[in-house]
Amino acid sequence: MSHFTSEDEALLQSMLRQLLQSVKEKITGAPSVECAEEILLHLEETDENFHNYEFVKYLRQYINNTLGSVIEEETEKCTSAQNQGEVSGYDTLVQRVTKKTRESKEYREMMLALKNVMMVVVESLINKFEEDRMHNKELDSKTYKECQSGYYTDNCSDSDSSFNQSYTFMNQEQLQLLAERLDPIQPKEVRQEALQTLCSAPPSDILNSESWPSLRKHLTMSLSDPDATFSEKILRFYAKTFSSSPFNMTREVYTSLAKHLELCFLSGEYYLPISAGLDVSNTDINHLLKKVRLLNEYQKEAPSFWIRHPEKYMEEIVECTLSLLSVKCEPSPEFLSPVYFLALLDIKAVWFKKWTHAYYSRTVVLRLLEKKYKSLVSEKQKFSYTGPDLQYIYFVHSLCLLGRLLIYKQGRNLFPVQLKNRKDRVSLSDLLILFTELIYYSPSYPKTALTVQTDNYSPASLVTEILQVFCDQMGSAAECLYTDAVIDALLHPVQSLLSGTEMHINCLETTLIHVADILARIAAVEDGLSLLLYGGNENSSKEDSPTAVHVIVEFTKNLLHDDISLLSGSELLPVVKGAFIFVCRQMYRTYEGLQVLIPYGLHESIAEAWKKTSLLSERIPTPVTGANSPSSISQESKHISLLEETLLDALLNFSATPKGLFLLHSTGTMNDCVTFMFSSISKKKQVKFGNGVIVTQMATTPTGAVALQSSGFIKALVTELWALLECGKDDVRITQPRYTPVDPIDQSCQKVRSYLREERII
């Protein structure tokens, strides 16, 4: 018990207060063990950190050491009786073991020992309590005299060490007096002394007191005190309260801080023009950011606790947060609103992701957004400001928030929304088209510390990440992505390249890779594949408008033939080729997709490109130490080698269907594809499900069977299977002879034989 923390000290002090009250009301002398049990049970129900205290861990270990053997012995006896039918049911078993344990000699001795120890401990705590009270009384008197003389020191440490803080227990009268002395109309010295006393009192006492409403009011007002040191102490008190008090108490502190910030923005205290930027080294700005950060830290932690409390508590936090973020700076929107400061500290809106993760809280957030705070969703978005850093941070935060909203049906129901700067309402389809256009028309974002190291905050990367999540969610994908309008927007740069239309795209290769990634995810799902192959209902009657599959295949063939002049000589061209080949592969791996692609002769284009790439990879010189630009040579070699494998893999996957296997045979690359597959399987030491299907398809044709045989695949498979049958993995650990089956043929042999027959190997 020598490693007590400040939380353990607070627990002991709370127990002491309740024990002392029980002493006064129930007994004369030392408190009973039964009274201590009641208090511990009460604390366990009300304190969510109860089991983390070292004191509680000590008690648990003490009980386990004393009664562990007794409980085990009684459990064995009762279990034996239960098996014989004398005891039935788990609850009855637990009750009997508990009853027998409490009647045991060891239990009585333990309770007597605990009672004797408690008598000594309580007596010691009472004496310590009186000594501390007298000491604090003298200290308060000394501090008051020093304040009168103009001298003031800050002993309100925010350290977690129990050696650096001591709590002062206060009754209701003292707390009421404290609330009066914290009134902003009081002299500065009086308020400073009262705040010092407040910091030395247990937060639970303050939040549970009858004076807390008036205290909260005065603390909220004092957060705007021109003396930064004074308001800083209040923030420390808030932070200490957040970390050491239960949720039902801290919510009041959170709402107090949120309301203070809302009043500050409404009063015009923070009229900061966007064009002027933001100097975080400024004392006032730094202090404001500290308040917002404290708010944001609580936002990210609250979802871990509010499920255990009434919904009204959670709703109170959500509403005061949305109310703060809905504040608009008047008279002009060109001033920084609260969202800017929150976005600066939590650029990807992690707090909102956590709030909408669970249905319990998501329904409240979305309901309030729809009924009272819809303006948060329809905020005006701009992409060019004099202060680009701030505006870009605000944009990223808003983009992440909107992307999270659209995952859920209730969030999608918020659309369409009306914007101030346009007549037509913004529909869900309009927003998805805007997202898609951001992939290739996104503005040049500032190369600040946020973006110089990584591309995670670029508009294209953020939008791609959002669309990837949509693809994984069947509901949001069907409602948001599976429309001809969105597919046309995705294919816009592809169609422009095919038609030779001039484009203004920041990074063409990256854009095409992002587009191909989304198209491949859409093609991987049955409904998405149908949309790409046949189009939506609105375009089904337009014969002159080709469906997406035709645009994709035509563009892929042009890539393979190096007919896209804008990409000629690009270092990322092999990566772009691989990305669009994978989109086509997702389509021709199915019978319907293959039927649509056959007229284009894509298999021939891929085979031709592979032969050309294979010859090219042989000519690339091996990097030599000391040669010029070895890194560039190795990078080029890496891209070409990767493309060569991608092309072979694409050809191999034609054999997923019988007709595709025939097309693969016509290219004359069957042996190369099987050798590639065998090499891949040998490296990974396992046969993937897709490869098993391909092997089965190939084994149905003479050419395929010969290719499998000549590659060494069949020999390696049979050798491995026989090795497993002859000496399994379990043989290494078994010292006794195995059980000999009485069946003529072991069942495991029959399974292997059946598998070999299915694969047409025997």
Rounded to whole Hz, the Karplus (6.51, -1.76, 1.60) HN-Hα couplings of segment 182-189, x for glycine and proline: 8, 4, x, 7, 6, x, 4, 5
Packing-based order for 583-590, 101-108, using average beta carbon neighbours within 10 Å, highest first: 583-590, 101-108
Per-residue SASA entry for Asp227, accessible area with 1.4 Å probe, Å² rounded to 10: 40 Å²
Computed accessible area, Lys57, all protein chains, 1.4 angstrom probe, square angstrom: 90 Å²
Amide hydrogen neighbours beyond the local backbone of Phe335, cut-off 5 Å, H modeled: Ile274
Residue-count net charge about Leu272 - beta-carbon cut-off 11 Å; Lys, Arg +1, Asp, Glu -1: -4
Largest to smallest accessible area among Leu369, Leu498 [probe 1.4 Å]: Leu498, Leu369
Nitroxide proxy distance, nm - points 7 Å out along Cα→Cβ at Tyr271 and Ala478: 5.3 nm
Gain on full stretching of the segment that runs from Lys312 to Lys372 - 0.36 nm per residue minus C-alpha separation: 19.9 nm
Additional length obtainable on full extension of the chain from Gln595 to Leu434, 0.36 nm per residue less Cα span: 54.6 nm
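Only Lys, Arg, Asp and Glu count, each charged at its Cβ (+1, +1, -1, -1), so figure out the dipole size of segment 206-274 about its Cα centre, rounded to 20 debye.
So the magnitude is around 220 debye.
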From phi via Karplus (6.51, -1.76, 1.60), per-residue ³J(HN,Hα) for segment 104-118 in Hz, x at Gly/Pro: 6, 5, 4, 5, 5, 5, 5, 5, 5, 5, 5, 5, 5, 5, 5
Whole-Hz ³J(HN,Hα) from phi, Karplus 6.51 cos²θ - 1.76 cosθ + 1.60, for segment 271-276, glycine and proline x: 7, 10, x, 4, 5, 7
Ranked by how many other beta carbons lie within 10 Å on average, peptides 512-525, 462-475 from highest: 512-525, 462-475
Gain upon complete extension [Ala524, Ser427; 0.36 nm per residue less C-alpha separation]: 32.3 nm
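The values are calculated or read from the model by the stated rules, or taken from the named source; none is laboratory data. Just so you know, these numbers come straight off a predicted model, no measurement behind them. All Cβ positions, glycine included, derive from the backbone under ideal geometry; neighbour counts span all protein chains shown. Accessible surface is based on the protein model in full, side chains and every heavy atom, while ligands, DNA and RNA are left aside. Shrake-Rupley method; radii C 1.70, N 1.55, O 1.52, S 1.80 Å.
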